[in-house]
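Scroll down for the structure; my scribbles are underneath it.
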Amino acid sequence: MKRVAIQGLTGSFHDMAAHQYFDGEQLQLICCATFEDVFDNIRRDPTVIGMMAIENTIAGSLLHNYELLRDSGTTVVGEHKLHISHCICCLPDDDWTTIQEVHSHPVALMQCRGFLSGHPMLKAVESEDTAGSAKDISEGHRQGQAAICSAAAARLYGMKILEDHIEDNKHNFTRFLVVCNPRKADFLRPLDRTNKSSLVFSLPHEEGSLSQVLSILSFYKINMTKIQSLPIIGHEWEYLFYVDVTYDNLTRYRQSIDAIAPLTKELKILGEYQNGRQCE
């Protein structure tokens, strides 16, 4: 049985992503209030695996999670892309005429902004988790309150679905990373089957420093799929670059890393893994 730490409760999108990624395997979920708690669980028990959202096709990157990943000492061993669909739900005795508030995670509220603008009588209230909002309303018998969460979470906590698929953009996907203690990595993914890598580095404050790195990656036929810059606190106008690359030849990829290393500062490989499939 795998022990997987997630942010959120049973029925959350992290729960769904974990079960889809480890399809057919027995899982023991460790439900955490924050992403910091996810990494704390891995530090306390090196056998624990973490599942962490890193970016969304609508909301963009979860910038703080990049920092947590870099500082955690864990390594990325996999990714999963989950289709995100939201519903609005309430207690069985409530309906559109009685609900006054809608509770959910701020990212979920943002993804349903158009729907909420069409219901100005509802006060949006931010919470820590989508599924947790449904659970709190259900267990607290909070009449007049609704939650935005997955339809699966609504059913799990005995809530009535008022409307499903309320997200503004139906092409709404979140990419999750699977992380673990580096000593456990080879048990979770064979290195020779990897075709994607996540890197982080800083660059000298010199003209053309980034273009040189990109030119080398191109020379080795390494495809850059994402680049995200974050400021280095205490160093004005200096940045860390988080880069995802894909490759079809492990040796050539390794050669490209050796080639860019002298041009970068603090180059770190955050993980090498298989490119994740997109799931509905």
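Assorted remarks:
- Long pairs among 135/226; 2/81; 81/184; 2/196, criterion Cα-Cα beyond 30 Å: 135/226
- Placing a label point 7 Å from the Cα of residue 20 along the Cα-to-Cβ direction, the residues of region 177-216 with a backbone N closer than 18 Å are 177-179.
- Remark: the residue 250-residue 100 segment gains 48.5 nm on full extension, using 0.36 nm per residue and subtracting the alpha carbon distance.
- Most fluctuating residue given options 150, 133, 229, as computed from a GNM of the chain linking Cα atoms under 10 Å: 229
- The H on the amide N of residue 238, modeled in the peptide plane, is under 5 Å from the matching H of 232, each at least 5 residues off or on a different chain.
- By other beta-carbon atoms within 10 Å, ranking 93, 244, 136 with the fewest at the front produces 93, 136, 244.
- Region 103-163 versus region 4-40: alpha-carbon centroid distance in Å: 20
- Here is how the number arises for the chain: DSSP H runs of 4 or more residues each give -39500 (n - 2.57), the sum is divided by the residue count, and the result at 222 nm is -8000 deg cm²/dmol.
- Potential extension, residue 192-residue 57 segment - 0.36 nm per residue separation minus Cα distance: 45.7 nm
- Beta bridges from DSSP with both residues in region 87-164: antiparallel share about 55 percent, rounded to the nearest 5.
- In a reduced charge model with +1 at each Lys and Arg Cβ and -1 at each Asp and Glu Cβ, the chain shows a dipole moment near 840 debye about its Cα centre.
- Cβ-Cβ FRET estimate between residue 223 and residue 10, R0 fixed at 35 Å, reported to 0.05: 0.40
- Taking only the C-alpha atoms of the chain, the Rg (one decimal) and the largest Cα-Cα distance, Dmax (whole number), read 20.7, 65 Å.
- Each of 215, 9, 144 was scored by the projection of its Cα onto the charge dipole of the chain, and the greatest displacement toward the positive side belongs to 215; charges sit on the C-beta of Lys, Arg, Asp and Glu.
- Simple spin-label estimate for residue 275 and residue 211 in nanometres, 7 Å along Cα-Cβ: 2.8
Just so you know, all these numbers are worked out from the coordinates, no wet-lab data involved. Since we're looking at a predicted model, the values are computed, not measured. Virtual Cβ from ideal backbone geometry, glycine too; neighbours counted across all protein chains shown.
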